[in-house]
1. Helix 302-312: angle to the longest alpha-carbon principal axis of the chain, degrees 0 to 90, nearest 10?
2. Tell me which aspartates and glutamates have Cα within less than 17 Å of LYS296's Cα, excluding those fewer than 8 residues away on the same chain?
3. Just MET325, MET66, MET46 to compare: in a GNM of the chain, with alpha carbon springs under 10 Å, which one fluctuates most?
4. Across the range 4-180, how many lysine pairs separated by 8 or more positions, or lying on different chains, have Cα atoms within less than 17 Å?
5. What is the extension gain from ALA84 to ASN210, computed as 0.36 nm multiplied by their sequence separation minus the C-alpha to C-alpha distance, in nm to one decimal?
6. Could you work out the pair-distance distribution P(r) of the range 207-275 from its alpha-carbon pairs, with 5 angstrom bin width and percents rounded to whole numbers?
7. At 222 nm, what value in deg cm²/dmol follows for the chain if DSSP H runs of at least 4 each add -39500 (n - 2.57) and the sum is divided by all its residues, to the nearest 500?
8. Which distance in Å, rounded to a whole number, links the C-alpha centroids of the range 290-331 and the range 37-99?
Amino acid sequence: MSNKVAVLVAGSWGTALASVLACNHPNVVIWSRSSEQVREINEKHMNSRYLPDAVLPDNLKATTDMEEAVKDAGAVLIVAPSKAMREVARSLKAYWQKDMLCIHATKGFETETLKRMSTVIAEELGIEEGDVVVLSGPSHAEEVVRRCPTTVVVASLNQKAAAAAQYLFMNADFRVYTNRDMLGVELAGALKNIIALGAGMSDGLGYGDNAKAALLTRGLAEITRIGVEMGANPLTFSGLAGVGDLVVTATSRHSRNWRAGSMLGQGKKVDEVLGSMGMVVEGIRTTQAAHTISAKYGVQMPIAEQLYQVLFENKDPRIAVEALMGRDPKTEMEAMKLETWEQWHS
């Protein structure tokens with residue numbers, strides 16, 4: 001495999017991961033549509049729009065030419081927002097070679113089709129979905145780019161591809177585990193953003209630590225319930241892509257989803273929140289997708305449902321919390337569909 005790595009695109013997460021790769025490998029090229037952003041990365045070794053305080057490795061190069069970025073690359077990392085993933089993958093197709101390693105690090109669904117990012121990429125590149133590698137886990141871009149100790153997981157049905165991705169990223173500051181539950185890792189990474197929105201909203205309402213702890217715990221149960229119903233390994237949701245990513249996203253001011261939820265709790269409307277953020281808030285689109293997915297699979301997702309009503313039906317956040325607290329009594333350990341349990345021990 002060629003030692004060149006291409007990264008698409010130059011948002012905060014793409015830039016942070018490109019910086020990790022550039023610490024490990026001499027030839028890393030990041031693609032952006034913005035000529036100003038490309039010039040800043042190449043000349044000043046900064047991406048001030050997304051990571052204003054970070055100094056990037058000198059050997060990280062940027063270009064507006066996707067062909068230049070991808071040509072002769074052994075691996076391509078795609079970190080496009082979920083709403084742009086299909087367009088980016090479609091553009092990549094013209095330069096794709098069958099021996100390239102494909103990795104993505106986007107946490108979300110294609111809202112219109114409810115497809116996971118690996119499915120979208122595979123469709124556009126004409127490759128097997130199981131050969132795509134998913135990178136996920138508790139990892140704020142602002143900390144990764146400063147080389148703070150971080151641990152993530154890479155998942156693929158193709159164990160050789162996962163091992164190759166592990167090798168690409170692994171260093172003294174960035175530890176990487178592998179996991180074959182690609183479905184569970186993608187679902188956990190996307191759905192936890194909903195709970196992070198809810199945690200931010202709870203904080204914005206001033207409800208304190210008790211409320212947030214309950215929200216995270218019941219949110220994890222909710223994510224696990226729908227994930228298992230869709231065929232994921234329940235153990236994945238107690239791992240890095242599940243509880244690990246949930247904790248970091250729902251408790252940190254680095255988190256866009258937490259910040260957006262906090263503003264909602266303080267009484268701001270969705271359009272106002274998005275306007276002030278200036279960056280993609282994946283949890284909003286994911287809440288819309290989860291609303292449809294829960295109905296499709298017949299699985300209750302009460303936290304996601306209340307957030308959907310706040311985001312898309314103008315429900316008052318305090319009324320949404322009252323609705324959650326006033327639900328009928330339940331047992332804590334709800335039954336889940338575990339017919340596939342044995343396959344995870346085979």
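1. Long axis of 302-312 versus the principal axis of the chain: about 70 degrees.
2. Cα-Cα hits under 17 Å: GLU110, GLU112, GLU222, GLU229, GLU305.
3. Answer for the Gaussian network model of the chain: MET325.
4. So the count of such lysine pairs works out to 11.
5. On the way: separation 126, 0.36 × 126 = 45.36 nm, distance 3.73 nm.
That works out to 41.6 nm of additional length.
6. The calculated distribution, bin by bin, is 3, 15, 20, 22, 16, 14, 8, 2.
7. Values: 15 runs with 166 residues, N = 346.
Result for the chain: -14500 deg cm²/dmol, rounded to the nearest 500.
8. 38 Å
Values in this text are rule-based calculations from the coordinates and carry no lab data. Because the structure is predicted, anything quoted here is derived from the model rather than measured. Every residue, glycine as well, gets a Cβ built from its backbone with ideal geometry; the counts of neighbours run over all protein chains shown.
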